[in-house]
Amino acid sequence: VIGPMNGQPTLSFRLGNARANQIVNAEIHISLVRTEHTTEGRTFYRMVDLAISRDRALTLSRSWTVLHQIDERSPLWGESAASLAAKEAELQVMVVGLDDTFMQQVHASHRYDARQILWDHRHVDILSELESGDMLLDLRKFHEVQPVIAPAPASGPSPSAGGH
């Protein structure tokens, strides 16, 4: 999803560990892949790494919301749902860590094409505090999103409107 966080357009997605164990030293990498055309008229598929606010978690035992702030340094700056679709853009995500029970490396990957990115949305909260003070992770809501009340501010020369 792309929506405002602290007033700044932010790409976010969440990942979780549904196992009874922990993934230690989990590390995530995200690349934007998009079609570009060279001055010679050739089609080129460029991969650009996205900077994220945190690319490593010491342990992954709950969920992790990964954040990429869309500012003038971001390859998503000035993009919209329509422009990403026109560029055949996709996000490629790879997570690698160590299973703390079997001490084996584990990994997961996923690809999101431009049509799967929801603009002006946010993830539904899945972590809440119980009266006892314990934290409850409600994985039934893991994939749920909701529209934001106010759309994210336009980033760069073209607005983010036109592709919900």
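The values are calculated or read from the model by the stated rules, or taken from the named source; none is laboratory data. Given the structure is predicted, the values throughout are model-derived calculations rather than measurements. Positions of Cβ are generated from backbone atoms using ideal geometry, with glycine treated the same way; all protein chains shown enter the neighbour counts. Ligands, DNA and RNA are stripped out before the accessible areas are found, and what is left, the full protein with its side chains, is counted by its heavy atoms. Shrake-Rupley method; radii C 1.70, N 1.55, O 1.52, S 1.80 Å.
For the chain, which longest stretch is free of loop sites, where a loop site is one of the trypsin sites (Lys or Arg not before Pro) that DSSP puts outside H, G, I, E and B and that has at most 13 other Cβ atoms within 10 Å? Mind dumping the intermediate values first?
On the way: sites that count: R19, R42, R54, R73.
With trypsin sites (Lys or Arg not before Pro) excluded where exposed in loops, the chain gives 74-164 as its longest stretch.
So what does H121 come to for accessible area, using a 1.4 Å probe and Å² rounded to 10?
Ignoring ligands and nucleic acids, H121 comes out at about 40 Å².
Using a 1.4 angstrom probe and counting only protein chains, how large is the accessible area of M135 in Å², to 10?
100 Å²
Which value, in Å², gives the accessible area per residue of the chain when a 1.4 Å probe is used on the protein heavy atoms? Mind showing how you got there, number by number?
Values: 10190 Å² over 164 residues.
I get 62 Å² per residue for the chain.
Select from F13, F44, F142 the residue whose mean-square fluctuation is largest in a Gaussian network model of the chain (Cα-Cα springs shorter than 10 Å).
Most flexible of the set in this elastic network: F44.
On the accessible surface of the range 1-133, probed at 1.4 Å, how many percent belong to carbon and sulfur atoms? Each step should come with its number before you reach the end.
Details: 3900 of 7940 Å².
Result for the range 1-133: 49 percent of the exposed heavy-atom area is carbon or sulfur.
Just A20, A57, A82 to compare: in a GNM of the chain, with alpha carbon springs under 10 Å, which one fluctuates most?
A20
What percent do you get for the relative contact order of the chain when only Cα pairs under 8 Å and 6+ apart count?
Details: 350 pairs, mean separation 47.3, N = 164.
It comes to 29 percent, rounded to a whole number.
First select every other residue whose beta carbon is under 12 angstrom from the beta carbon of M94; then total the charges, Lys and Arg +1, Asp and Glu -1.
For residues surrounding M94, the net value is -2.
So how strong a dipole does the range 1-65 carry about its Cα centre when Lys and Arg Cβ are +1 and Asp and Glu Cβ are -1, to the nearest 20 debye? Before the final figure, lay out the partial values.
On the way: 8 positive and 5 negative charges, 55 e Å.
Taking the Cα centre of the range 1-65 as origin, the dipole is about 260 debye.
Would you tally the net charge around R122, using a Cβ to Cβ cut-off of less than 11 Å, leaving R122 out, and scoring K and R as +1, D and E as -1? Show your work: numbers first, answer last.
On the way: positive: R14; negative: D120, D125, E144.
Net local charge, R122 excluded: -2.
Between rounded, prolate and oblate, where does the range 87-140 land on the alpha carbon gyration tensor, with a ≥ b ≥ c its root eigenvalues, rounded for a/c under 1.5, else prolate if a/b exceeds b/c?
Values: a/c = 4.73, a/b = 1.21, b/c = 3.92.
Oblate, since a/c reaches 1.5 and b/c is not below a/b.
Find the Rg to Rh ratio for the range 14-104, where Rh is the Kirkwood radius over alpha-carbon pairs and Rg uses the same atoms. Display every interim value, and only then the final one.
Details: Rg = 16.6 Å, Rh = 15.1 Å.
Result: Rg/Rh = 1.10.
Can you give the calculated 222 nm mean residue ellipticity of the chain, where each DSSP H run of n ≥ 4 adds -39,500 (n - 2.57) and the sum is split over every residue, rounded to the nearest 500 deg cm²/dmol?
Numbers: 1 runs with 6 residues, N = 164.
Helix-only estimate at 222 nm: -1000 deg cm²/dmol.
Taking +1 at the Cβ of each Lys and Arg and -1 at the Cβ of each Asp and Glu, which of A20, L60, Y112 sits farthest along the dipole of the chain towards its positive end, judged by Cα position relative to the Cα centre?
It is Y112, whose Cα lies furthest towards the positive end.
Rounded to the nearest 20 debye, what is the charge dipole size of the range 1-143 about its Cα centre when +1 sits on each Lys and Arg Cβ and -1 on each Asp and Glu Cβ? Let's see the in-between values first.
On the way: 15 positive and 19 negative charges, 55 e Å.
Here the size comes out at about 260 debye.
Please sort by residue number the GluC sites (Glu not before Pro) in the range 21-101 whose DSSP state is loop and whose Cβ has at most 16 other Cβ atoms within 10 Å.
On the way: sites: E27, E36, E40, E72, E79, E88, E90; in loops: E40, E72, E79, E88.
Answer in residue order: E40, E72, E88.
Just how large is the dipole of the range 60-148 about the Cα centre, in debye to the nearest 20, putting +1 at every Lys and Arg Cβ and -1 at every Asp and Glu Cβ?
On the way: 8 positive and 15 negative charges, 60 e Å.
Charge dipole of the range 60-148: 280 debye, to the nearest 20.
How large is the Rg to Rh ratio of the chain when both quantities use alpha carbon positions and Rh follows Kirkwood? Walk me through the numbers on the way to the answer.
Details: Rg = 17.4 Å, Rh = 17.3 Å.
My calculation of the ratio gives 1.01.
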